[in-house]
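Right, one structure below, let's go through it.
The values are calculated or read from the model by the stated rules, or taken from the named source; none is laboratory data. No experiment lies behind these values; they were computed from the predicted model shown. Ideal geometry is used to build each Cβ from the backbone, glycine not excepted, and the neighbour counts take in all protein chains shown. Note: areas computed on protein heavy atoms with side chains; ligands, DNA, RNA excluded. Shrake-Rupley method; radii C 1.70, N 1.55, O 1.52, S 1.80 Å.
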Amino acid sequence: MKDPSYRMQTQCVNIWRYLLIVFLCISLTASLVVLGIDLDWLINGPEFLTKICARIKERMANEDLTDEEELLKNFTIARESIWLQVFVIIVVAITTIFVIINLIGCAGSCILSYSLLSGFTIFMMLTSILGIAVTCAFILPFANISSDLDSSLDPMARDLISQYKTEKHGGTAHIIIDSVQRELECCGYNSLNDWKDAVITPRSMEHNDATDDDMMFPASCCPLNVTSCTMEDVFNVSCREIIQDNYLNPDNVIGLIGISIIVVVSFMIVTFFISFVMCCIARRSRGTKWSIVNWGGAGSRDETYSTSVIQH
């Protein structure tokens with residue numbers, strides 16, 4: 001008859017192992033979904049991604065109909081950007097690596113291989129550290145901790161505004177800026193002055209008697225029912241202020257991005273912790289034969305194998 005302590009510790013090892021497999025299956029599924037969407041973008045174009053974004057936008061804005069043709073047109077123009085193509089290729093490479101690493105983790109967990117689990121644990125430790133750094137970079141600039149932390153985002157905003165004026169309508173900068181300003185009902189990153197050197201000006205501005213009231217801002221700086229976006233109708237609040245108040249608000253895109261980053265990083269940290277525990281278990285049982293089946297009913301031989309975990 002088996003020792004109760006042996007049965008309990010064997011079940012404990014099983015729980016940790018199956019828990020890691022569940023986390024790895026979730027991670028593998030998410031990686032395959034992202035990989036599939038990116039490959040579809042590269043091979044077939046933005047049609048499928050357009051449908052996904054349209055459905056998400058309808059649900060978030062409680063709209064019954066979204067102009068998919070306009071969205072598809074913008075994505076098609078943005079697809080011509082070499083930087084966006086490079087970004088998508090990088091995402092494909094990263095997700096491919098995650099798929100391979102997750103498979104290695106699954107194999108190591110199933111056979112309790114110390115070599116496979118140690119490699120997977122080191123990878124998860126590095127990605128967790130990187131994820132924490134990315135999370136801090138996203139949250140700290142908007143957390144009112146220090147104004148100096150926000151300086152790194154200013155050049156990015158200025159560069160996007162500069163691209164907005166030079167590139168044709170529907171480009172990457174247009175999609176990003178128009179989406180943010182429409183969604184958050186704001187204008188400019190720090191203030192309206194961000195558009196001072198990049199605004200579209202009518203002919204009246206060529207005369208010396210022109211004033212700031214004659215300046216025409218991007219259409220996304222004003223409500224949808226405004227045809228000519230001037231100082232009279234422009235949103236007077238900066239996007240930085242809105243983002244600072246809503247970076248964890250699930251009712252807008254910025255908040256969803258912030259929450260998603262925190263959830264993903266938390267998932268990675270938990271996975272790292274579980275894999276570290278499994279790595280310690282595997283290290284104590286090196287040279288022992290393990291399998292995915294229930295060891296409790298495997299007989300005296302498997303019982304001898306399993307006991308090596310308990311003896312240490």
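Using a simple spin-label model with pseudo-atoms 7 Å out from Cα toward Cβ, residue 107 and residue 129 lie 2.6 nm apart. With a Förster radius of 22 Å applied to the C-beta separation of residue 89 and residue 52, the computed FRET efficiency comes to 0.65. Per-residue packing, averaged as other Cβ atoms within 10 Å, sorts the ranges 176-182, 132-138 into the order 176-182, 132-138, beginning with the highest. Amide H to amide H distances under 5 Å link residue 230 with 217, where only residues 5 or more positions off or on other chains count and H is placed in the peptide plane.
With a cut-off of 11 Å between beta carbons, the residues surrounding residue 222 carry a summed charge of -2, where Lys and Arg count +1 and Asp and Glu -1.
One chain, two ends: residue 241 and residue 32. Fully extended at 0.36 nm per residue, the span grows by 71.6 nm beyond their Cα-Cα distance. Projecting label points 7 angstrom from Cα along Cα→Cβ for residue 156 and residue 196 puts them 2.4 nm apart. Average accessible surface for the range 70-131: 53 Å² per residue, computed with a 1.4 Å probe over protein heavy atoms with every protein chain in place. For the set 16, 83, 195, solvent exposure ranked by accessible area (probe 1.4 Å, protein chains only) runs largest to smallest as 83, 16, 195. When peptides 268-281, 223-236 are sorted by average Cβ neighbour count within 10 Å, with the highest value leading, the order is 268-281, 223-236.
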